[in-house]
1. May I ask you to derive the FRET efficiency for A:Ile422 and A:Met368 from their Cβ-Cβ distance with R0 = 22 Å, giving the value to the nearest 0.05?
2. Separation between the B:Val167 and B:His147 pseudo-spin-labels, each 7 Å from Cα along Cα→Cβ, expressed in nm?
3. Need the full-extension length gain, B:Phe244 to B:Ala202, defined as separation in residues times 0.36 nm minus the C-alpha distance. One decimal, nm.
4. Under a Cβ-Cβ limit of 4.7 Å, which cysteines in the protein assembly as shown have nobody to pair with?
5. Quick one: helix A:35-65 against the long Cα principal axis of chain A, what's the angle to the nearest 10°, folded into 0 to 90?
6. Would you work out which of A:Met196, A:Ala233, A:Met497 lies farthest towards the positive end of the dipole of chain A, given +1 charges on the beta-carbon of Lys and Arg and -1 on that of Asp and Glu, about the Cα centre?
7. Going down the table (A:Lys28/A:Lys599; B:Lys135/B:Lys198; B:Lys116/C:Lys65), which pairs top 24 Å between alpha carbons?
8. How high is the relative contact order of chain B, given as a whole-number percent (alpha carbon pairs under 8 Å, six or more residues apart)?
Amino acid sequence: MQATDTHAHAHGQKGHSHDHHEPGFFSKYIFSTDHKVIGVQYGVASLIFLFFGFLLVLAMRFQLANPGKPIPVVGALLEKLLGSDMAPGGNLSGDLYNSFGAMHGTIMVFLAIVPILFGAFGNYVTPLQIGAPDMAFPRLNMASFHVYFIGGVVMFASFFTPGGTARSGWTSYSPLASVTDLANRFDGQTYWLIGMVFLITSSLLGSVNFIATIIQLRCRGMSWMRMPFFVWAQFVTAFLLLLAFPPLEAAGLMQLMDNLFGSSFFLPQGLVVNGTALAVSGGGSPLLWQHLFWFLGHPEVYVLILPAIGIVSEVIANNTRKPLWGYKSMVYSTMSVGFLSFIVWAHHMYLTGMGTKIATFFQTTTMMISIPSVIILTALFISLWGGSIRFNAASLFALSFLPMFGIGGLTGLPLGFNASDIYLHDSYYVIGHFHYVVAPGTMFAVFAGIYYWFPKITGRMMNETLGKLHWAGSLFFMNCVFAPMFIQGFKGMSRRMYDGGTTYFEGVDPTALSLNKMITMCAVGLGVAQLPFIINFFSSIFVGKKVSSDNPWDATTLEWATPTPPPHGNFASEPVAYRGPYEYSVPGAKSDFTPQSEKP
Amino acid sequence: MEIPYTYKARPDTGLYNAKVGIWLFLASEIMLFGALFSAYILLRVSAPDGFWPDVALAWPRGLLNIPIGTFNTAVLITSSVTVVLAWAALKMNNFARFRWLMVVTVICAFAFLGIKSFEYNDKFSHYVVRLKDGKAVTGHLEVNGKHPGFWNFADQWSLGRLEAEKVEHIEIAVDPARDIHGHVKHVEGASHDHAKQKIATADIAFLGSYTPATHPFFAVYFLITALHGLHVLGGALVLAYFAFPGAKMWKTNPEQFTNRIEVGGLFWHFVDLVWIFLFPVVYLL
Amino acid sequence: MSEQSHNAAASHDDHDHDIASHIKTYLIIFGALLLGTVITVLMYYVDFSSMAVTVGVALFIASIKAFLVAAYFMHLMSEKKLVYSLLVISAIFFTGLMGLTLWGTHDTPKNTLMKTVYVP
Ligand code: HEM
Ligand SMILES: [Cu+2]
């Protein structure tokens, strides 16, 4: 049977299978196998987690700026919920600070950013852009969301376990993670590990599905080099998740064994905790955890950024009304980044006492990986050249993504060099570095994507004025929050310490600490700057301006060739891609954009 | 709405969706078991010398029951060949033969798991005892004339528990001595089968059963074999489903059904493949 | 749906002969795998006096067995290019994971890390 027949068949059936019965609430919104509903489920869940993660860090910021003062508004509540040894008098204790820090990282990375980029945007947009009726395995897709959700619930529940939630950082280094609560095997860390196993399983199901979909379900004419860059980014991301997560799953199981059955995978011989020798066999290796963790950890940071670059590319091509400059080199760079990201991981471990040979190896690969990263960024910058840029909320976020990601990437270079990293490691400089990549970087791309695809999902536009206000406030406050952290890092302030590390290192320059007040104020400002967005988002769902066409942005890619919002099964008739993804302002064309589905 | 290529191959890739899916999944499984094997090697090469009693090696060798392990290997290999024969039977339109081959496969799977749990149990009542004078013995433990109960973690003995319950001595059916390769040493004249030995609690420095807490070898052994066992269990349930309730599809869509068996078989062979490495690594090396 | 299944059933006949010869191969491989298992176990009782040789021999036999399973039972002998490339990618990353982790834990400044002697 030929490809075309199957398609015709598929779309012929779609009509009546839909009319037969109106699905009930549960099968429509909870147990839906439609990739768009699942995308929205992911989106809603991850935005909630994003907000929660932000609240955690606000409490931490308050403690850093005002040591010894009770947390305003929620202090009393925290004391009631978590006990008075955790939050004495509404203060953040050291333990609680550590818990919040660990959970902030975990939630932001595994429950907010990855799900929103991959689960939400990836699910909603990828099948549409390749002209597929759905994902290759719709039920697996649903299972993936449900498993993610369970993982999230387990993580959240761990806050209320006796002894509190995990507090060994989002990296959960052993032995620290295994010895925090020796009396209680089912401590927060155990919940963390179980939650992670769920989240990893969910990512694995998702990534299998994405890769199979992109390989198998591209519509007629959608050759590899006609795929929108966003799809390429998702494709490489899915490979990173597929192959980098299993080692962390293995490591998680080992740490779980250490916690539950007293084994010593990561516990060395002769370990002494609080002055008493630990009653374990020993013989394990703490470094093993770090290797397995960062084998995931580094690819994971590219999982956080590649889909974001994908979103930004779509928005930029559309709003500059120009093809992306160097599309092919961007594609090849993305593949190189994906490949290299598997062999740079130990640049997170220079301070573990590595030999010079291995440090040189990882330093070299780290420098190599920055080349394709810079190629991608440069291609996007050059794409702006000579464009008649439309400045709307989506494009403003996408445009400011570029320098923000640039700062994040460039500040990574001193960290990639062994010699300078030994000084900067675990200081606020590192915090500044990666937040520039994920906060003003990835988060801006997420906002750009929401403003850009909102009309397709809801059939209504978001308000532009509120959007621009949101953009201006976010850009300003993001920089006020994260730029000073570089200075703090240079001046010796430690990350992960609720007093900035002053009790154990006297060399911290007091001026570094004095910046904390201002940063905290700006963090609150950043929160306030999100109000226009929240108002805009909810009100636009109901009262936003209705779109006048299926393609309000005059875009070229296939998702805009569907009805708005796309029905189950997506396309009204079988889509065919006749041309590349970004045919904007083609000389001689009748308008300044030529959709991929337009016959030559 | 229907998804294209659910069972027909897509012309340019030559594959149907589920086959792409299973190979992707197996690629991730390679990384999962690969990480565990890496952990095994790393822990082994960096184990401190003299860490395991009675052998000069840092790592215990020859502690697992080799005849049983060999038999289990054969069981798994058999199930692997029956599953591929079952698929071939479908290809030849012979449903009856398919079904009995599948039944054999599933029986093999559960036989494997049964034998494995017998082995696990044996390990839980096997103890290593280190004495204060530096000597050490291993063997089956008897406290107050009783062996520790099977499948009962609460019934495990530790030095702390012996002291708390004021047990004065324990008896241990000592394992035959082993040489540096983990082979049983044949000493002329000496009896080498499970001689009972009485040990006073006061002389004991450490006591622990062959469980993950006692040595990283057991931690790795139990983790990898348990994870492998879970794969066997999952695979067996899916294959059993295909053989009975899921076989309805043979009537409605034989091609898709045959594909399902192929995909299930691929997973099953992978599970076999892991065991092919696991068996020599934990039993023999 | 139903007319498709009809086609599928009909096309079986073309393969019948092919499949019959496959079955023979499967049985031969089965024999080879059992033999391999026996040899592996026998090797355990052979004293090579060097651990490296012992490990090498055992893994060599295991690799041959694994090759047989993968090539014949999993049909990798005649699989599509896509599957090969996928397996090559994961083989590379697996090698990287194992190799670099081992190198990373053992290339320490004086190679002293963790090589302690057990003191009860
Ligand atoms: C291409 C340029 C980049 C280079 C050279 C680079 C290098 C580094 C290095 C060497 C570290 C370890 C610093 C230390 O702990 O001492 C680090 C940390 C980090 N980087 Fe990057 N990076 C780059 C891009 C990115 C991107 C794109 C992201 C994420 C989207 C990212 C996220 C992170 C995170 C999350 C950490 C902190 C991990 C932790 O310790 O908790 N980096 N980076
Ligand atoms: Cu990194």
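1. After rounding to 0.05, the efficiency reads 0.60.
2. Going by the 7 Å Cα→Cβ label model, 1.5 nm.
3. On the way: separation 42, 0.36 × 42 = 15.12 nm, distance 5.96 nm.
Taking 0.36 nm per residue and subtracting the Cα distance, the gain is 9.2 nm.
4. A:Cys219, B:Cys108
5. 30 degrees
6. Projecting each Cα onto the dipole axis, the largest value belongs to A:Ala233.
7. Cα-Cα > 24 Å for A:Lys28/A:Lys599; rest within.
8. Computed over chain B, the figure is 24 percent.
Rule-based calculations on the coordinates, nothing more; no lab input. As the structure is a computational prediction, the values presented were derived from the model and not from experiment. Quick reminder, even Gly has a Cβ in these numbers, built from the backbone with ideal geometry, and neighbours come from all protein chains shown.
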